[in-house]
1. Cβ-Cβ under 6 Å, sequence separation 6+ or interchain: first residue in region 100-111 and surrounded by fewer than 15 Cβ atoms within 10 Å (Cβ to Cβ), partner part of a loop (DSSP other than H, G, I, E, B). Which pairs?
2. State the number of residues belonging to region 195-216 that are without any contact (Cβ under 8 Å) to a residue 40 or more places away in the chain and among the small types (Gly, Ala, Ser).
3. Within region 217-241, which residues are in a helix (DSSP H, G or I) and either without any contact (Cβ under 8 Å) to a residue 12 or more places away in the chain or open to solvent by 20 Å² or more (accessible area, probe 1.4 Å) (or both)?
4. Quick one: Ala109 ticks every box in (1) at pLDDT below 95; (2) within 24 Å of Gly238 (Cα to Cα) bar one, so which box is it?
5. Out of Leu265, Leu208, Leu188, Leu261, I need the residue that is more than 20 Å from Gly163 (Cβ to Cβ) and either touching a Pro at 6+ places or on another chain (Cβ under 8 Å) or open to solvent by less than 40 Å² (accessible area, probe 1.4 Å) (or both). Which one?
6. What's the total number of residues in region 66-99 that are touching a residue at least 24 places away in the same chain (Cβ under 8 Å), over 18 Å from Leu146 (Cβ atoms) and of a type in the set (D, E, K, R)?
7. Considering only residues that are among the polar types (S, T, N, Q), over 30 Å from Ala69 (Cα atoms) and not in a helix (DSSP H, G or I), which ones fall in region 183-216?
8. If Val159 satisfies all but one of (1) out of contact with any Pro (no Cβ under 7 Å at 6 or more places or on another chain); (2) under 23 Å from Glu45 (Cα atoms), what's the number of the condition it fails?
Amino acid sequence: MVANTLKSTALALILMAGLTAQSFAADPSLDLVAPLADYKIYVAENTEQLVKDTEAFVAAIKANDVAKAKALFAPTRTSYEKIEPIAELFADLDSSIDARADDFEQKEADPTFTGFHRIEYGLWVEGKTGEIQGYADQLLKDIKTLNERINGLTFPPEVVVGGAAALMEEVAATKISGEEDRYSRTDLWDFDANFAGSQKIYTLFRPLIADKNPDFVKKVDANFAEAGAILKKYQKDGGYVSYVELSDADRKVLATKVNTLAEDLSTLRGQLGLN
């Protein structure tokens, strides 16, 4: 019911902007309206879940429960990773929420290094919560601000469609190496979320290209299925094994599939007339 209401509201706002039924028929680009509305619902649902999960994560840190905080770290991050192309539109928040130590001159010792990965360092390397209480408070504040900003955002079509490839490109460029979750080794959780976010975008816009380019659709469908099968091999106890358990050969197989998807999905914008 909530999803339907959100979608109806999105469509109503578009019509209020002066787009008549006749203009819908005259402009093929308006075929993008419905999938964009559906994607905004998807993002809204994930940011709402992100707020709830972060509240629980921060509560564990405030209670000095290192074990619980560790258990909540990876699943809390998944909602953020699914919607990263939109979250990254707010560079200030993305830096505060998801920066890595390499982005700072003093690495982990830099007081401006905040967010998930500073907290990750505190939990897995320092093994305590005392030093990260303030970072936890700031993380929750930033996540709530992100939710508010996204709720008021008009989604640029080219960013949304381009996000399918962007998620795969980021995995290929920096995540396959194990750079991101370097302390916790929960990398596979991020991979799964990135794949899910990319596939959601592709699935929403797939009907607009299925008839025009069936071979492309068949290929991408198969590659997503293969990527899912690869990740499934590493599932354990409702999550994923540590990334250190993957051999170089395992990582190479993943990288090959990610690169293939990134290359194919990079053509989506062109196929939809969004150059």
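1. Listed pairs, sorted by first residue: Asp110/Phe104.
2. Number satisfying all stated conditions: 1.
3. Val217, Lys218, Lys219, Asp221, Ala222, Ala225, Glu226, Gly228, Ala229, Ile230, Lys232
4. Evaluating Ala109 over (1) at pLDDT below 95; (2) within 24 Å of Gly238 (Cα to Cα) leaves (2) as the failure.
5. Only one candidate qualifies: Leu188.
6. Looking only at that region, the number is 1.
7. Asn213
8. Every condition holds for Val159 apart from (1).
The values are calculated or read from the model by the stated rules, or taken from the named source; none is laboratory data. Everything numeric in this text was worked out from a predicted model, so none of it was measured. Reconstructed Cβ throughout: ideal geometry from the backbone, glycine too, with neighbour counts over all protein chains shown. SASA here: full protein model, heavy atoms, side chains in, ligands and nucleic acids out. Shrake-Rupley method; radii C 1.70, N 1.55, O 1.52, S 1.80 Å.
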